[in-house]
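Undergrad: Here it is, the structure, as structure tokens.
The values are calculated or read from the model by the stated rules, or taken from the named source; none is laboratory data. This one's a predicted model, so the numbers in the text were calculated from it and none came from an experiment. Every residue, glycine among them, receives a Cβ derived from its backbone with ideal geometry; neighbour counts consider all protein chains shown.
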Amino acid sequence: MKISVIVMFIVGSMLLNNAIAHQCDQSDGDLWRKDREYKRAMALVGELFKCIDRSDSNNYRLNDKAQCYWFTGRAIDTVYGVDSFREAQGYLSASSMSQKLHSGEIPNWTKLGPASSQEVLTLASNLTKKSKPVIAAWLGTNGQGHVNLIMPGGLAYSSSWGLKVPNAANISLGSLNNSFYGCRLSFALSKDKIEDTYLFTNDKSLK
């Protein structure tokens, strides 16, 4: 009997933690400043998020793998009209975007600074308020990368990062239940990754 109780407790805790990870929109929804730019971006990103079937909140499924694969590049194009990441067959993958941003291969994109800097996070949030595109790009030592779309809404404190972080959107094909939009950036990246995560914006955003 005791063994059964322990097993049920462990399984229940795992499901609860998983639910918290990908249902952050429920906890974070009231954190953001819901102005016109926020509503515009959230509506457009919400349409792109239909590449995921989220009808079962505990088991996200792919509706369209290609569209999810291209999510961030396509979102930058759709929300801001910037096609820097478009390719002949679609858009760059998240890993390719990160690699090329970090190496300076994407024309007209500027590195704002590391995600570990409160000044940089604040600047990123302010740019999105003005309808300017911002991307957070993590690049690992093995060349693996990931990108997140920074969204308008302001900043909210993250206890895991110890910083005020911006609103963000994230699709993770390797862990689909960790996909979200309208949540703190820290839900997408653990603290050990922030030193290797930099924020980037299109050059025109700084003019």
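Undergrad: Please name all residue pairs, on different chains or six or more residues apart, with Cβ atoms under 8 Å, provided the first residue is in the stretch 60-75 and is touching a residue at least 40 places away in the same chain (Cβ under 8 Å) and the second residue is charged (D, E, K, R).
TA: Here the result reads Tyr60/Asp53; Tyr60/Arg54; Arg61/Asp53; Leu62/Asp53, each pair linking the stretch 60-75 to a residue that is charged (D, E, K, R).
Undergrad: Step by step: first the residues of the stretch 52-78, then only those that are of a type in the set (S, T, N, Q) and assigned to a helix (DSSP H, G or I), then the one that is farthest from Pro133 (Cα to Cα). Which residue is that?
TA: Gln67
Undergrad: From (1) surrounded by fewer than 14 Cβ atoms within 10 Å (Cβ to Cβ); (2) of a type in the set (S, T, N, Q); (3) touching a helix residue (DSSP H, G or I) at 6+ places or on another chain (Cβ under 6 Å), pick out the condition that doesn't hold for Thr141.
TA: For Thr141, the exception is condition (3).
Undergrad: I'd like the full set of residues that are more than 18 Å from Ser159 (Cβ to Cβ), surrounded by 13 or more Cβ atoms within 10 Å (Cβ to Cβ) and not small (Gly, Ala, Ser), limited to the stretch 26-42.
TA: Arg33, Lys34, Glu37, Tyr38, Arg40, Met42
Undergrad: Within the stretch 184-199, can you find the residues that are assigned to a strand (DSSP E or B) and in contact with a His (Cβ under 9 Å, 6 or more places away or on another chain)?
TA: Across the stretch 184-199, the qualifying residues are Thr197, Tyr198.
Undergrad: Can you find even one residue in the stretch 43-51 that is in contact with a Pro (Cβ under 6 Å, 6 or more places away or on another chain), part of a helix (DSSP H, G or I) and surrounded by 13 or more Cβ atoms within 10 Å (Cβ to Cβ)?
TA: No, because not a single residue in the stretch 43-51 is in contact with a Pro (Cβ under 6 Å, 6 or more places away or on another chain), part of a helix (DSSP H, G or I) and surrounded by 13 or more Cβ atoms within 10 Å (Cβ to Cβ).
Undergrad: Run Ser159 past the list (1) surrounded by fewer than 21 Cβ atoms within 10 Å (Cβ to Cβ); (2) modelled with pLDDT of 95 or more; (3) within 15 Å of the chain's Cα centre (by Cα) and report the number of the one that doesn't hold.
TA: (3)
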